[in-house]
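Here is the structure we will look at.
The values are calculated or read from the model by the stated rules, or taken from the named source; none is laboratory data. Everything numeric in this text was worked out from a predicted model, so none of it was measured. Positions of Cβ are backbone-derived with ideal geometry, glycine not excepted, and every protein chain shown enters the neighbour counts.
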């Protein structure tokens, strides 16, 4: 029997989807026949993304800040209303600025904690309730980062705050298992987005080297020898966000070109 994603007419919410990984994930779900709501805090960019993505299928936009409780409430209720429920949540966020622990102040940590810890946990609870009320055996896929396994000296905010995604995934996977809802995470490595440009610029400045040299240093750390594309990482969201992964829950999947050295 041939494998299919089974995503035709499935109802999918993708956050931070105006560009980068989120945009690529939304497009991948649309190309599989899903109906998609995209979210971003930037109305202008989100409108542009909706226009482009509408070429691939049914897409709706809901503007909202993922660090705002009121916006999260509105995002979930709006998605459930326009799609008639939620089958898959693909949670993606922007990343906090690079830097070390000693370079960041209280406000930096407060913003990062709300975005990377409080926001995904609260949104998961709200989406889970929609799924439970609709008797939907849904899927949640949270984007984290390789730094939850191997911290980076220059990405302290992500190193510390994104670890909570692993706790959320393992905790919620067990809690929601009796309802048939599955919860997993993806750990992206280096992916071609604006975030990579930012990391390259920061590395070049801190080391006093050219951006080309800084980029080459990054690529040299990737055994497969290149920086991944948004299309490549989107496929992992399709897998975990569909019934192709029907017996997978509580997992954290690295998508990194074999960059990770650790076993656990």
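I'm trying to understand the selection: among the residues of the stretch 174-200, which are farther than 30 Å from residue 247 by Cα, in contact (Cβ under 8 Å) with a residue 12 or more places away in the chain and not in a loop (DSSP other than H, G, I, E, B)? Don't jump to the end; show me each part of the working.
Filtering the stretch 174-200 for residues farther than 30 Å from residue 247 by Cα gives 192-200.
Still in the running and in contact (Cβ under 8 Å) with a residue 12 or more places away in the chain: 192-196, 198-200.
Within the stretch 174-200, 194, 195, 196, 198, 199, 200 qualify.
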Residue hits (the stretch 38-61; in contact with a strand residue (DSSP E or B) (Cβ under 8 Å, 6 or more places away or on another chain) and closer than 20 Å to residue 233 by Cβ) are 38, 39, 40, 49, 53, 57, 59
Note on residue 245: of the conditions (1) at pLDDT 95 or above; (2) surrounded by 13 or more Cβ atoms within 10 Å (Cβ to Cβ); (3) not assigned by TED's automatic domain parsing to the domain that holds residue 28, unmet is (3)
Subset of the stretch 135-154, residues at pLDDT 90 or above, touching a strand residue (DSSP E or B) at 6+ places or on another chain (Cβ under 9 Å) and either in a strand (DSSP E or B) or under 19 Å from residue 113 (Cα atoms) (or both), comes to 139, 140, 141, 142, 143, 144, 145, 146, 147, 148, 149
Result of the Cβ filter at 8 Å on the stretch 116-138, keeping first residues that are in the same structural domain as residue 176 (by TED's automatic domain parsing) and partners that are assigned to a helix (DSSP H, G or I) and surrounded by fewer than 16 Cβ atoms within 10 Å (Cβ to Cβ), at least 6 apart or interchain, is 122/69; 126/73; 128/179; 131/179; 132/179; 137/179
For the stretch 106-114, check the following and say yes or no: at least one residue is within 24 Å of residue 198 (Cβ to Cβ), buried (at least 19 other Cβ atoms within 10 Å of the Cβ) and out of contact with any strand residue (DSSP E or B) (no Cβ under 7 Å at 6 or more places or on another chain). yes
All conditions in (1) surrounded by 14 or more Cβ atoms within 10 Å (Cβ to Cβ); (2) modelled with pLDDT of 95 or more are true of residue 218 except (2)
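Show me the strands (runs of 3 or more DSSP E) found entirely inside the stretch 1-102 where at least 2 residues are farther than 20 Å from residue 168 by Cβ. Steps first, please.
Working: elements: 11-14, 35-40, 59-63, 88-91.
Correct list: 35-40, 59-63.
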